[in-house]
Amino acid sequence: MDANREKVLLVTGAGRGIGAAIARAAGRAHWRVVVNYARNSGAAEEVVQQIVAAGSSGLAIQGDVAREDDVRSLFSEIDRRFGRLDGLVNNAGIIGKLGRLDQLDPVDLKRVFEVNALGAFLCAREAVRRMSTAQGGKGGAIVNISSAAATLGSPGEFVHYAASKAAVNAMTLGLAREVGREGIRVNAVEPGLIETEMHEGIGGAERTKRLLPTIAMGRTGAPEEIAGPVLFLLSGAASYITGAILRVTGGR
């Protein structure tokens, strides 16, 4: 764990849910954690306080990952405050409105892809520029938070969200091969049905009841059960793992 004390990790969308759980777990593992958030500064600052209470350091930085200027400012602030970056977790994401594709509002479609796919690409680009040994960096690790929806397709609910996460999977595979000899490992985690505020917002208990029979373990997951695999993929224990997409779904 002590090997992480000087290392800096950026977790996007880390004010709540899976992102917050990852940020807290990283703090316990002695990473210095940058907690990115889009709007809720109070929630992000609370996560930072929890990181500090665990004995590490944290910093909340606002920024909409779908906006290139915000992404540039986010990484510039990391440069200014820490002078290094060792890990990135592309977690920021939205589901958008539920419904069939033939009823989809193009504005909603665009926003989902801008946050989930474009945002992940922009953040990965900036991280590579800082971590690549071919560009003077010391290497590092990127973990993209995808979704089981990428392979399930989510018919009748959010095909557009599923497609945006499939784009994240493709980026994971391609980027891993692109920067594999530059000291950067790139992997993804596909969460299944996880109990978060986002899940509550799209049906909560009723949706859980409907989908539970499709889960081999017969239960939903907790955000902390995603944080563990993410921290593993960031760690030296995963030093020979890149281009992997780890499904964490309870068997769904």
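The numbers here are math on the coordinates, done by the rules we state, and not lab data. Values in this document were obtained by computation on a predicted structure and should not be read as measured data. Ideal geometry is used to build each Cβ from the backbone, glycine not excepted, and the neighbour counts take in all protein chains shown.
If the chain linking Arg219 and Thr133 were pulled fully straight, counting 0.36 nm for each residue of separation and taking away their Cα-Cα distance, it would gain 26.7 nm.
Give the Debye-formula value of log10 I(q)/I(0) at each listed q (0.22 Å⁻¹), with one equal scatterer per alpha carbon of the stretch 143-252, two decimals each. Debye intensities relative to I(0), on a log10 scale: -1.21.
Taking the radius of gyration and the Kirkwood hydrodynamic radius from Cα positions alone, what is the Rg/Rh ratio for the chain, to two decimal places?
Radius of gyration over Kirkwood radius for the chain works out to 0.95.
Full extension of the chain between Arg125 and Arg80 gives 14.4 nm of extra length, using 0.36 nm per residue less the Cα-Cα distance.
Computed packing ranks the peptides 151-163, 14-26, 177-189 as 14-26, 177-189, 151-163, most packed first, by mean other Cβ atoms within 10 Å.
Across the alpha-carbon set of the stretch 1-109, the Rg to Rh ratio works out to 1.06, Rh being the Kirkwood radius.
The angle between the Cα long axis of helix 41-53 and the longest principal axis of the Cα atoms of the chain comes to about 50 degrees, rounded to the nearest 10.
Of the GluC sites (Glu not before Pro) found in the stretch 1-101, those that fall in a DSSP loop while having at most 13 other beta-carbon atoms within 10 Å are Glu6.
Under the classification rounded if a/c is under 1.5, otherwise prolate if a/b is larger than b/c and oblate if not, where does the stretch 34-169 fall, given a ≥ b ≥ c as square roots of the Cα gyration tensor eigenvalues? It comes out prolate by the Cα gyration axes.
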